[in-house]
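Trainee: Before I ask anything, here is the structure I am working with.
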Amino acid sequence: MAKLNLVLGMVLVLCALGMVTSQHKARKLYVELQQIQAETKRLDEEWGQLQLEQSTWAMHSRIEKIATGYLQMQVPDGARTRIVPLAEAAKP
């Protein structure tokens, strides 16, 4: 009977250690999950800011201002403009 109690006691201790270990791992993984979610949120915010910045830099009025002011470019007049039909462009 004493041997059975000793074996059951050891099994009980092993189960308790297994439970503590699994709870520790679960808590550690949960903390890691929270950190990853926070990083994801930060990166999403940064992505939104970068998209806004890109749209600001690519505004037509800004590009036209730089082209005319800094590069001294001009819009060609109608006599110098030629429209090529798509059908002609596709023929070899």
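The values are calculated or read from the model by the stated rules, or taken from the named source; none is laboratory data. Just so it is clear, the structure is predicted and the values come from calculations on it, not from any experiment. Note that each Cβ is placed from the backbone with ideal geometry, even for glycine, and that neighbours are counted across all protein chains shown.
Trainee: Give the number of residues within the range 53-78 that are surrounded by 10 or more Cβ atoms within 10 Å (Cβ to Cβ) and among the hydroxyl-bearing types (Ser, Thr, Tyr).
Mentor: Qualifying residue count, the range 53-78: 1.
Trainee: Looking only at the range 29-69, count every residue that is among the aromatic types (Phe, Trp, Tyr) and modelled with pLDDT of 95 or more and tell me the total.
Mentor: Residues in the range 29-69 being among the aromatic types (Phe, Trp, Tyr) and modelled with pLDDT of 95 or more: 2 in total.
Trainee: Scan the range 30-52 and tell me whether some residue there is of a type in the set (Gly, Ala, Ser) and surrounded by 10 or more Cβ atoms within 10 Å (Cβ to Cβ).
Mentor: yes
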